[in-house]
Amino acid sequence: MSGRLPGEATCLSLVWAVLDRASNGWRGVVMTPAGLRLLQDLRRQLLHPPIPEEVTNQAVTAAA
């Protein structure tokens, strides 16, 4: 399969970003505190994805 996006995570990030931007103008949508926390967590993960442990270990090994 050949596409324009390199992987599933990239595609999901793009879809999330479009929906997040579009939702700024939505009105009348009531969110529960739990739902808002979930959205904040998802935004945080997309903006600052966790670094895989392998990469961290490689950086430490290379620095030593």
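Before moving on, here are some points about what is shown:
- Residues that are of a type in the set (D, E, K, R) and open to solvent by less than 100 Å² (accessible area, probe 1.4 Å) within region 24-51 comprise D41, R43, listed in sequence order.
- Scanning region 5-20 for residues that are modelled with pLDDT under 75 and β-branched (V, I, T) yields no hits at all.
- Residue list for region 1-34, filter: within 19 Å of the chain's Cα centre (by Cα) and among the aliphatic types (A, V, I, L, M): L5, A9, L12, L14, V15, A17, V18, L19, A22, A34
- Across region 21-64, the number of residues qualifying as out of contact with any Leu (no Cβ under 8 Å at 6 or more places or on another chain) and at pLDDT 75 or above comes to 27.
The values are calculated or read from the model by the stated rules, or taken from the named source; none is laboratory data. Note that this is a predicted model, so its numbers are computed, not measured. Reconstructed Cβ throughout: ideal geometry from the backbone, glycine too, with neighbour counts over all protein chains shown. What goes into the accessible areas is simple: the full protein's heavy atoms, side chains included, and nothing from ligands, DNA or RNA. Shrake-Rupley method; radii C 1.70, N 1.55, O 1.52, S 1.80 Å.
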